[in-house]
Ligand SMILES: Cc1cc2nc3c(=O)[nH]c(=O)nc-3n(C[C@H](O)[C@H](O)[C@H](O)COP(=O)(O)OP(=O)(O)OC[C@H]3O[C@@H](n4cnc5c(N)ncnc54)[C@H](O)[C@@H]3O)c2cc1C
């Protein structure tokens, strides 16, 4: 038997996967490198710092998107890495990145030991629309370590707009000293500490006991879940969400590797 | 070209097997899927090829394993810049599956899709002629779920996002149609040797 096929009909897979292609990426923007200047460096924790960049033609971004950073050595060697955008979209022509200092890291090492205001790096982006949150639907955010960076952009965006779309953040850190953006969190956030915690706060991994109550307070239409961090955290947290009843096709995951 | 002040990069040993912009991940094998790892058993797994073919067909686990075994031994390259040398995937050449369904002469492209719904597009020429596999073994052992087990597509000469994990099927087309990452700013083909990372590269 021969199967005929309407060739103009786009193919849709039998299983829906996290509303693919929800946010169109501008190909032109995604393919052009430009020089951005570091205008400010702010220490966040002993291992992480925020770098503010002036980008000449920043097309704007949505919270959750990331960009590419490229460093070039004198001999022509280049290194490029992905970094999430930490700042909320605004019209200042600036964006902020928060980088962990990775042991022996080529690019994060340069940022943490060499970079200072006035230096320029090349950037390209924003490059992906999948993990973006335009602020339109209730969002449940689960992050660990520097995985909280794109989630913080969402929290900041929600605040800046005075939005009443429900937003909840569960953030995991090794200790209070390593918790990024600690002073900025409000009632939308619950912090979980895996190695040491402030007095009265239990020490331990993120568990069903943290996730289930958030799913129980289901907003109309349900949550969009965003999970970000190392692969180990992403596997763990996404399984918790599934166990607590979150539909798999409404879980977006960004793995930092 | 813009040089970054004070950036030298790591000491580099020239390595002709490393495509531009890649590094050797050694024993590491990073995981970079955007969806929840499915709990898919071999009994639940199936693989279908349809679209512009003479005989659309669906294989279950045992039927797929009854095809002649074929392994890939060589290197793999991820767009996030790691490469992995000397890996060994066991499975069946995609040619063996395509021989059964017989693509029409007008067929030019495929969309590979996963049991999760993930999609990626490939020219037909990139998955025929011994260049693609359906693999269920890594290093002689069952492929781990987070790496696409029970079975994934392997197209090792392209960036690894083309090698769809949890492979569910191929739809054969007479035109190119972007998949998941290709609709999110990534290059339609993804040749590591030409550094085709993002659209426009
Ligand atoms: C979508 C996305 C968003 C991200 N966002 C952020 C973010 O907001 N903040 C953040 O801090 N990180 C983020 N990351 C991670 C980031 O991209 C980098 O992976 C991280 O900064 C490490 O890069 P590096 O150059 O410092 O380290 P690398 O040099 O890449 O080293 C990383 C590890 O690999 C080893 N290694 C790498 N190359 C070699 C080599 N040639 N020889 C020996 N060992 C090697 C290193 O020893 C080290 O353990 C993100 C990743 C992704 C995919």
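The values are calculated or read from the model by the stated rules, or taken from the named source; none is laboratory data. Keep in mind the model is a prediction, meaning the values are calculated, not measured. Positions of Cβ are backbone-derived with ideal geometry, glycine not excepted, and every protein chain shown enters the neighbour counts.
Applying the selection to region B:79-113, what residues are modelled with pLDDT of 95 or more and under 19 Å from residue B:28 (Cα atoms)? Within region B:79-113, B:83, B:84, B:85, B:86, B:87, B:88, B:89 meet the criteria. What number of residues within region A:1-23 satisfy the criterion of being more than 8 Å from chain B (Cβ to nearest Cβ) and at pLDDT below 80? Qualifying residue count, region A:1-23: 7.
Only strands (runs of 3 or more DSSP E) whose full extent lies in region A:20-134 are considered here, and the ones with at least 1 residues that are touching a residue at least 40 places away in the same chain (Cβ under 8 Å), within 16 Å of the ligand (Cβ to nearest atom) and out of contact with any strand residue (DSSP E or B) (no Cβ under 7 Å at 6 or more places or on another chain) are A:34-45.
Checking the structure you have, find out if any residue of region B:50-57 is within 13 Å of chain A (Cβ to nearest Cβ), closer than 30 Å to residue B:24 by Cα and either within 16 Å of the ligand (Cβ to nearest atom) or surrounded by 15 or more Cβ atoms within 10 Å (Cβ to Cβ) (or both).
First, the residues of region B:50-57 that are within 13 Å of chain A (Cβ to nearest Cβ): B:50-57.
Now drop any that are not closer than 30 Å to residue B:24 by Cα, which leaves none.
Taking every residue of region B:50-57 in turn, none turns out to be within 13 Å of chain A (Cβ to nearest Cβ), closer than 30 Å to residue B:24 by Cα and either within 16 Å of the ligand (Cβ to nearest atom) or surrounded by 15 or more Cβ atoms within 10 Å (Cβ to Cβ) (or both).
Does at least one position in region B:112-120 carry a residue that is touching a strand residue (DSSP E or B) at 6+ places or on another chain (Cβ under 9 Å), more than 9 Å from chain A (Cβ to nearest Cβ) and in a strand (DSSP E or B)? Yes, that holds for at least one residue. For region A:150-172, taking the residues that are within 16 Å of the ligand (Cβ to nearest atom) and under 18 Å from residue A:194 (Cβ atoms), the one that is surrounded by the most Cβ atoms within 10 Å (Cβ to Cβ) is identified as A:151. Which one of the conditions (1) modelled with pLDDT of 95 or more; (2) under 24 Å from residue A:177 (Cα atoms) does residue A:105 fail to meet, given that it meets all the rest? In the conditions (1) modelled with pLDDT of 95 or more; (2) under 24 Å from residue A:177 (Cα atoms), residue A:105 misses (1) alone. A single entry from B:39, B:35, B:43 fulfils the requirement of being more than 14 Å from the ligand (Cβ to nearest atom), touching a residue at least 60 places away in the same chain (Cβ under 8 Å) and surrounded by fewer than 13 Cβ atoms within 10 Å (Cβ to Cβ): B:39. Given the condition in contact (Cβ under 8 Å) with a residue 12 or more places away in the chain, under 26 Å from residue A:33 (Cα atoms), within 16 Å of the ligand (Cβ to nearest atom) and touching a strand residue (DSSP E or B) at 6+ places or on another chain (Cβ under 6 Å), answer yes or no: does some residue in region B:4-17 qualify? Within region B:4-17 (the criterion being in contact (Cβ under 8 Å) with a residue 12 or more places away in the chain, under 26 Å from residue A:33 (Cα atoms), within 16 Å of the ligand (Cβ to nearest atom) and touching a strand residue (DSSP E or B) at 6+ places or on another chain (Cβ under 6 Å)), the answer is no, since none of the residues qualifies.
When you scan region A:227-236, do you find a residue that is away from every other protein chain (no Cβ under 14 Å), in a loop (DSSP other than H, G, I, E, B) and within 16 Å of the ligand (Cβ to nearest atom), even just one?
Keep residues of region A:227-236 that are away from every other protein chain (no Cβ under 14 Å), which gives none.
Within region A:227-236 (the criterion being away from every other protein chain (no Cβ under 14 Å), in a loop (DSSP other than H, G, I, E, B) and within 16 Å of the ligand (Cβ to nearest atom)), the answer is no, since none of the residues qualifies.
Can you pull out the residues in region A:135-149 that are on the phi > 0 side of the Ramachandran plot and within 14 Å of the ligand (Cβ to nearest atom)? So that I can check it myself, show each step before the final result.
Looking only at region A:135-149, we keep the residues that are on the phi > 0 side of the Ramachandran plot, and these are A:135, A:145.
Within region A:135-149, A:145 is the sole residue that qualifies.
Tell me the residue from B:74, B:21 that is in contact (Cβ under 8 Å) with a residue 60 or more places away in the chain, under 30 Å from residue A:78 (Cβ atoms), away from the ligand (no atom under 16 Å from the Cβ) and surrounded by fewer than 18 Cβ atoms within 10 Å (Cβ to Cβ), please. Answer to the check: B:74.
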